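Coordinate-derived values only; no laboratory data. Computed from a predicted structure; not experimentally measured. Quick reminder, even Gly has a Cβ in these numbers, built from the backbone with ideal geometry, and neighbours come from all protein chains shown.
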Amino acid sequence: MSTETANAPSEGGGSTGTTRYSVDNPAPLMTPPRARTARTPKSTRTNFELYGWLFMRLSGIVLVVLVIGHLLIQLVLDGGVSKISFAFVAGRWASPFWQIWDLMMLWLAMLHGMNGMRTIINDYAERDGTRMWLKMLLYTATAFTVLLGTLVIFTFDPNIR
Amino acid sequence: MPAGTLYRGREGMWSWVAHRVTGVLIFFFLFVHVLDTALVRVSPETYDETVAIYKTPVVNLMEYGLVAAVLFHALNGLRLVAVDFWSKGPRYQKQMLWTVMGIWGVLMIGAFYPILQHTLHSLSGS
């Protein structure tokens, strides 16, 4: 190695063959790449990312059934999009089965999408402030949409008019 | 471009890119879709007028695009589960991607008429 500095003599040692490091001349200390420091956030000490990873796979499998079933009913079978109307929605939500189907789809899809977007923001937004604001916006929009959708399913009134 | 966004450019990378892009598109549609469905709490007329937008030819074509995105994301997602949980998954990831694309292609051909029949009928005047 030819990258000697004043404080770090090369490990090759001198012409005598013995190391130059000693109590009076210690080797430079290097921080290991993933060492925890005072600046490492406490929150990384949980298994949050593991549960997030697992949730994406489990919710994904359930969503394949829920969403493809939904698309089949709404867009493929029985004339495609032509048939969709207030009356069609009222007919489907008259059954608790479809209410629960739609409720589960809403919650799982929104949380699955939110976690995916969180990953993407963490990957591409490089500044701390940008990341924080984008995630705040994401969490606010997600909470609003999930609550609105839940309220609509539970308070639906076929005789509104 | 942020560091580490291009990785060798083979099947593994491009399916990962497509998974991200389709996921973001579907998520943005989801916001719009919950909002339009919420109009059932305003009045049947407001809801039906809004759903009429979904029946125009351009938006009908976008629905076919949405189904394309959802089907890819769903099938490739199952491939990801297989890569992560099946011991031989990583070895067959490439073959599984081409299986995904094959199933996707067949389903898209099958879905073409059912989804776009509304537009096809309205354009042919019947």
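Given a Förster distance of 30 Å, report the FRET efficiency between B:L25 and B:H121 from their Cβ-Cβ distance, rounded to the nearest 0.05.
Efficiency at R0 = 30 Å is approximately 0.65.
With unit charges on the beta carbons (Lys and Arg positive, Asp and Glu negative) and the dipole taken about the Cα centre of the range B:1-119, which residue among B:H19, B:L30, B:L97 sits farthest to the positive side?
Most positive-ward Cα: B:L97.
Can you list, bin by bin at 10 Å, the percent of alpha carbon pairs in chain B, starting at 0?
Computed distribution, short to long bins: 11, 30, 30, 18, 9, 1.
Need one number: nm distance between label points at A:K83 and A:V62, each 7 Å from Cα along Cα→Cβ, rounded to one decimal.
Once both label points are built, they end up 2.7 nm from each other.
Multiplying the sequence separation of B:M62 and B:T99 by 0.36 nm and subtracting their Cα-Cα distance, what value in nm do you get?
Value of the extension gain: 10.8 nm.
Which trypsin sites (Lys or Arg not before Pro) does the range B:9-50 hold that lie in a coil by DSSP with at most 13 other beta carbons within 10 Å?
Hits after loop and neighbour filter: B:R10.
What's the FRET efficiency of A:L147 with A:N25 using the Cβ-Cβ distance as r and R₀ = 45 Å, to the nearest 0.05?
0.10
If I build a Gaussian network model for chain A, linking alpha-carbon pairs within less than 10 angstrom, which residue out of A:S59, A:S22, A:S82 has the largest mean-square fluctuation?
The residue with the greatest mean-square fluctuation here is A:S22.
Pop out the Kirkwood hydrodynamic radius of the protein assembly as shown from its pairwise C-alpha distances, inverse of mean 1/r, in Å to one decimal.
23.0
Calculate, axis by axis, the spread of Cα positions in the range A:47-155 along the three principal axes, and write the results as whole Å, longest axis first.
On the principal axes, the range A:47-155 reaches 49, 25, 24 Å in Cα extent.
Can you list which of the chymotrypsin sites (Phe, Trp or Tyr not before Pro) found in the range A:33-104 are DSSP loop residues with at most 16 other C-beta atoms within 10 Å?
none
For chain A, set up a Gaussian network in which alpha carbons nearer than 10 Å are linked by springs, and say which option among A:M110, A:M56, A:M132 fluctuates the most.
In this elastic network of chain A, the residue with the biggest mean-square fluctuation among A:M110, A:M56, A:M132 is A:M132.
Under 18 Å Cα-Cα from A:K83, which aspartates and glutamates qualify once same-chain neighbours fewer than 8 residues away are excluded?
Straight-line reach from A:K83, under 18 Å: B:D36, B:E45, B:D48, B:E49, B:E63.
Please compute the contact order of the range B:11-124 in relative form: average sequence separation of alpha-carbon pairs under 8 Å and at least six residues apart, divided by the residue count, as a percent.
34
Which of the trypsin sites (Lys or Arg not before Pro) found in the range A:70-136 are in a DSSP loop and have at most 14 neighbouring Cβ atoms, other than their own, within 10 Å?
Here the trypsin sites (Lys or Arg not before Pro) that fit, given the DSSP loop and packing criteria, are A:R127.
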